[in-house]
Structure formats: structure tokens, C-alpha cells
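First up is the structure itself, then whatever we jot down about it.
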Amino acid sequence: MVSIPRYHQLREIIRESVRSGDLKPGELIPSERELSERYGVSRMTARQSIVELTNEGLLYRRQGKGTFVAWPKIAQQLTALTGFTEDIRARGQRPGARLIEMGMVPVDGVAALRLQVPTGQRVVRLYRARLADDEPLALERSLISFFGCEKLLEADLVGTSLYGLLETRFGLPPIEADQELEAGLATEEHAGLLEIAIGSPVLLLRRTTYTARRQPIEYAESVYRGDKYAFHTRLLRPST
Ligand code: GLP
């Protein structure tokens, strides 16, 4: 018989307690000492189980306070073009934004290519922290380009959705997008704004959004908290 390391067993016990609801999100889990006594394992074993479950995102540690059960991640579908406001509302939470920077900037490099405009053209730059129930979840740095885009600067982009404004005020609804997703680590800037530790895992998204006739309207680089999001796509086997 293959023997299962003891920390695997303890790990599965804790996992099952979370799954069954015996341990609830935000609840303090028993200490290493309590776990080792209760399950007859060494403190080292108990610690290893906790470390693994913390790395997985099922638990989180708070300095000097202990280890707690994490909230389930946001399952973000990657099949429909939606904006942050719509995503958060669909979850029954209150979307919000904190404006970090907004203004006109000359565009260059990848952004100029993606927006299909000449280098140096002035476009709107919008940098926002995005919140759900006041908790920061993502940072979004968007470059927006369309004829008359400077009028966006007069809009309230803290209380309103960018996609909503583009559609209702400018008659330019976002219709499709190309998106790339990559793993990354939080820089000092990300960490400060997202209220996470430097070096925490994050998901980097790059999106080019198009309005009618595949006209690029936005090039956005976003940083999503890795402890909060799980992306989901549906795959269909190509017909032969
Ligand atoms: C998403 C995209 C961004 C886009 C934003 C618009 O989160 N990653 O590229 O700018 O939604 O959200 P809203 O309409 O809430 O301003």
C-alpha cells in the first residue's frame, strides 16, 4: 500500500472542512499547535499543510493574527466582452473606482500599433484602481482613442463605467476585443494600490477593444489580484 504523507492527510481534512462549510470564509483556523494535538501530527507537518493551502489560496495569513479561510475566488468568464462594472454587478457586489491618473498623452510603441494610430498621436490615458465593495481588486490603465476622445476628460470616470459612457454618450459601444493573459508578480506600485504584499502573484491582462467595423477604441493593461480571480473559458473540440 502506498502511504500518504501525513501533511497530505491533514491538508485534505482542512480542505474538506472548508468545502463543507465547517470552516467559513474569514474564519480563523486552529493554530499549528492545536492541529498537531488534534490530529496527532508534528508541528512541522501541521505547518507544511498550512503553507501549502496558503500557497493555493484556500487560506491566508495575517501577521500576528493567525491563518484564516479565504473567500472563494471570482470566477471570471473569458467568453464575453464585459467591463469591470458589469462583472462586479453580476456578482451582486458594488463596483467602484479610484482615479489615479487621467489626461491626454502622446501614444507610442505597442499601444500605437494596437490602437492603429501614428506614434505621437494624443489619446486619453485613464488609470484607475477598480474596487468591489470598496476592496481593490484590479488596476486598469487604459488608452482610449477616437475622434473627439478628449471629451472623455469631462466625464466622471470614478462613478461611471467607461464602456457605459462609450456606448451611451459617444455612440461607440465596445463590440469585440483581443485579450492576452499572463502571470506576474506585484511590483511596489501594484502592491501599494492593491493592498497586497510586493511579489504577490497577479494576472496581467492586455486588451484591445474594438467598436463597430473593428475600429480599435481602447488598449488596456490591467493587473488583477491573483488571490481573487480565477479565469474560466469554455472550450469546444473543433468539428472534424
Ligand atoms: C475591463 C477591462 C478594461 C476596461 C474595463 C471597463 O475590466 N479589462 O479594459 O477598461 O473593463 O470597465 P468599466 O466599464 O467598468 O469602466
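A few remarks follow.
- Dipole of the chain [Lys/Arg +1, Asp/Glu -1 at C-beta], most positive-end residue of 79, 9, 199: 9
- Dipole magnitude for the stretch 74-144: about 140 debye, using +1 per Lys or Arg Cβ and -1 per Asp or Glu Cβ, origin at the Cα centre.
- Compared with the dominant Cα axis of the chain, that is its longest principal axis, helix 43-56 is turned about 20°.
- When both the stretch 137-193 and the stretch 30-93 are represented by their alpha-carbon centers, they are found 29 Å apart.
- Compactness relative to 2.2 N^0.38 Å, alpha carbon Rg of the stretch 88-182: 1.13
- Segment residue 17-residue 204, length gained on full extension (0.36 nm per residue, minus Cα span): 64.1 nm
- With the convex hull drawn around the C-alpha atoms of the chain, the volume per residue stands at 186 Å³.
- Förster radius 25 Å - calculated FRET efficiency between residue 94 and residue 63, Cβ distance, rounded to 0.05: 0.30
- Taking the Cα centre of the stretch 6-69 as origin and assigning +1 to Lys and Arg Cβ atoms and -1 to Asp and Glu Cβ atoms, the resulting dipole is close to 180 debye.
- Charge dipole magnitude, Cβ of K and R +1, D and E -1 - the chain, Cα centre, debye nearest 20: 420
- Model label points for residue 113 and residue 160, set 7 angstrom from Cα along the Cα-to-Cβ axis, are 3.4 nm apart.
- The peptide list 171-178, 66-73, 81-88, put in order of mean Cβ contacts within 10 Å with the highest first, becomes 81-88, 66-73, 171-178.
- Ellipsoid fit via the Cα gyration tensor, the stretch 1-107: semi-axes of 38, 16, 14 Å, each the root of five times an eigenvalue, largest first.
- Gain on full extension, evaluated as 0.36 nm per residue between residue 56 and residue 38 minus their Cα-Cα distance, stands at 4.2 nm.
- Carbon and sulfur %, accessible surface of the stretch 74-232 computed with the full protein complex present, 1.4 Å: 51
- Take the Cα radius of gyration of the stretch 6-69 and divide it by 2.2 N^0.38 Å, N being the number of residues; the result is 0.99.
- Here the gap between residue 79 and residue 177, fully extended at 0.36 nm per residue and compared with their Cα-Cα distance, gives a gain of 34.2 nm.
- Probing with 1.4 Å while keeping every protein chain in the model, the per residue accessible area of the chain equals 59 Å².
- Per-q log10 I(q)/I(0), the stretch 153-240, q = 0.12, 0.15, 0.26 Å⁻¹ (Debye; single scatterer per alpha-carbon; no solvent): -0.54, -0.78, -1.17
- In this structure the amide hydrogen of residue 137, modeled in the peptide plane, comes within under 5 Å of the amide hydrogens of 130, 131, 132, none closer than 5 places in sequence on its chain.
The values are calculated or read from the model by the stated rules, or taken from the named source; none is laboratory data. Just so we're clear, the structure is a prediction, and the values are computed from it rather than from any experiment. Neighbour counts are summed over all protein chains in view; Cβ atoms, including those assigned to glycine, are modelled from backbone coordinates with ideal geometry. Note: accessible area is taken over every heavy atom of the protein model, side chains too, but ligands, DNA and RNA are not part of it. Shrake-Rupley method; radii C 1.70, N 1.55, O 1.52, S 1.80 Å.
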